[in-house]
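Notes follow the structure.
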Amino acid sequence: QVQFVESGGGLVQAGGSLRLSCAASGSTFNTIGWYRQAPGKQRDLVAHISWTHIINYASSVKGRFTISRDNAKNTVYLQMNSLKPEDTAVYYCNAIDQQSQSSWGQGTQVTVSS
């Protein structure tokens, strides 16, 4: 059974930084990433990283967010800098295993005040 430990969300002022972490267990994962969902909006990709460290970012976060991965720990980190109020959302960790099964974490709230 896939399990996640997500941490790092919180309240920060605009221009500040937060670091999210997601430790996934229960399988070997090809791709781990972060999605976010603001109230009344769909869940969108923020960034994801493959086992071989191929990375994809949403255009809205390029240059501000950095995703990294520790394969030995099955852990992904999302460093978020220059945060904006529009980054406010629930951030969800997602992992896709070698059988292409997708699993979701419980989510962590990120709130950026103006």
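The values are calculated or read from the model by the stated rules, or taken from the named source; none is laboratory data. Everything quoted here is computed from the prediction, not taken from an experiment. A quick note on method: Cβ atoms are made from the backbone with ideal geometry, for glycine too, and the neighbour counts reach across all protein chains shown. The protein model used for the area step is the full one, side chains on, heavy atoms only, and it has no ligands, DNA or RNA in it. Shrake-Rupley method; radii C 1.70, N 1.55, O 1.52, S 1.80 Å.
Roughly how big is the chain's charge dipole about its Cα centre, with Cβ charges of +1 (Lys, Arg) and -1 (Asp, Glu), in debye to the nearest 20? Write out the running numbers ahead of the final one.
Details: 9 positive and 6 negative charges, 38 e Å.
Dipole magnitude for the chain comes out near 180 debye.
Please list the equivalent ellipsoid semi-axes of the chain, computed as the square roots of five times the alpha-carbon gyration tensor eigenvalues, in descending order and whole angstrom. Let's see the in-between values first.
Details: eigenvalues 108, 38, 31 Å².
In descending order, the three semi-axes are 23, 14, 12 Å.
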Exercise. Between Leu45 and Ser7, what is the FRET efficiency for a Förster distance of 22 Å, r being their Cβ-Cβ separation, to the nearest 0.05?
Worked result: 0.60
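How much of the accessible area of segment 31-114, in percent, comes from carbon and sulfur atoms when a 1.4 Å probe is used? Walk me through the numbers before you get to the answer.
Details: 2070 of 4340 Å².
Within segment 31-114, the accessible surface is 48 percent carbon and sulfur.
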Exercise. With every protein chain left in place, what is the accessible area per residue of the chain in square angstrom, probe 1.4 Å?
Worked result: 52
Problem set entry | Within-15-Å neighbourhood charge of Glu86 [Cβ basis; K, R +1; D, E -1] | +3
